[in-house]
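Remarks on the structure that follows.
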Amino acid sequence: MPESRPSPLISATLPAVVLAGGLSRRMGSPKSDLQLGGRTMLSRIVARLRPQVGNIAVNLNAEPAVGIDGSIPVIADTVPGFLGPLAGVLTAMRHVAATTPDASHVVVVPTDTPFFPDDLVSHMAAAMTEHQQIAVAASVGQMHPLFALWPMALADDLESWMAKDAKRRVRAFIERNASVTVDFPVIMTSKGAFDPFFNVNTPEDLADAEDWLRFFEENKP
């Protein structure tokens with residue numbers, strides 16, 4: 001008999017949550033508030049994600065940043081103490097369970113990677129070979145665990161694991177579950193090779209992001 005495959009996810013209907021709940025100590029202020037090309041980083045992330053999914057919420061443990069669409073729910077961590085990005089993933093799962101109960105997966109993306117692929121969600125959804133896989137993005141041989149499709153069925157296990165594992169590393173939880181790594185190519189430009197998962201962690205990174213933004217805007221097809 002031919003090998004059975006899961007029913008394909010309709011990526012454009014999946015719910016998504018932007019993870020913006022971190023403390024961002026290296027930047028000195030929340031990354032969601034950072035200005036990139038005259039707009040907040042968060043507003044750029046939302047605009048890039050919106051065409052790829054059915055609905056969006058933002059996981060944010062502070063007052064909403066300027067520029068968030070008022071129709072987008074802002075949700076704080078369901079577990080206290082700034083326990084890291086897995087707390088945001090769990091919050092995303094709990095929010096989707098309450099608002100989109102028929103969803104099998106939730107898309108999560110971070111708030112510091114403004115150039116991620118515009119086919120991110122559809123490409124990850126198409127790569128899944130099991131119903132309860134976590135689909136995780138990768139590029140240049142590196143996994144990007146905060147760009148992922150998470151099965152809603154893992155919520156209770158995730159909450160239990162977070163209570164027992166002091167390090168609460170995203171990669172460690174992914175490795176203990178079924179997953180598929182989905183590779184995305186670099187973008188070849190006249191300025192050089194560009195990794196679409198370039199992320200902003202320092203003021204120097206933000207300056208580089210401004211340079212790349214200007215380059216892409218000046219070289220639109």
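Brief remarks on what is shown
- The modelled label-to-label distance for the pair ASP183/ASP208, using points 7 Å beyond Cα in the direction of Cβ, is 2.2 nm.
- Size of electric dipole in region 50-160: Cβ of Lys, Arg +1 and of Asp, Glu -1, about Cα centre, debye, nearest 20: 80 debye
- Furthest towards positive pole of dipole, ALA127, ALA172, PHE115, structure part the chain, Cβ charges: ALA172
- A full extension of the chain between PHE216 and SER160 corresponds to an added length of 15.8 nm, given 0.36 nm per residue minus the alpha carbon distance.
- Under 21 Å from LYS191, Cα to Cα: lysines that are on another chain or at least 8 residues apart: LYS220
- For region 133-221, alpha-carbon Rg and Dmax in angstrom: 17.0, 50
- A simple spin-label model places pseudo-atoms 7 Å from Cα toward Cβ; at THR13 and LYS191 they are separated by 3.9 nm.
- Loop-located trypsin sites (Lys or Arg not before Pro) in region 151-210 (DSSP state other than H, G, I, E, B) with a sparse environment of at most 16 neighbouring Cβ atoms within 10 Å: LYS167, ARG169, ARG176, LYS191.
- Computing Rg and Dmax of the Cα atoms in Å directly from the structure and comparing it against [x] 17.1, 58; [y] 17.8, 58; [z] 18.6, 58 singles out [x].
- At least 15 Å along the helix axis (C-alpha) and Kyte average at least -0.5, DSSP helices within the chain: 85-99
- Accessible surface of region 79-135, 1.4 Å probe, proportion on carbon and sulfur as whole %: 58 percent
- Heavy-atom accessible area per residue - region 85-221, 1.4 Å, Å²: 47 Å²
The values are calculated or read from the model by the stated rules, or taken from the named source; none is laboratory data. Keep in mind it's a predicted model, so treat the numbers as computed, not measured. Heads up, the Cβs are rebuilt from the backbone with ideal geometry, glycines too, and the neighbour counts pull from every protein chain shown. Remember, those area values only see protein heavy atoms, side chains included, never the ligands or the DNA or RNA. Shrake-Rupley method; radii C 1.70, N 1.55, O 1.52, S 1.80 Å.
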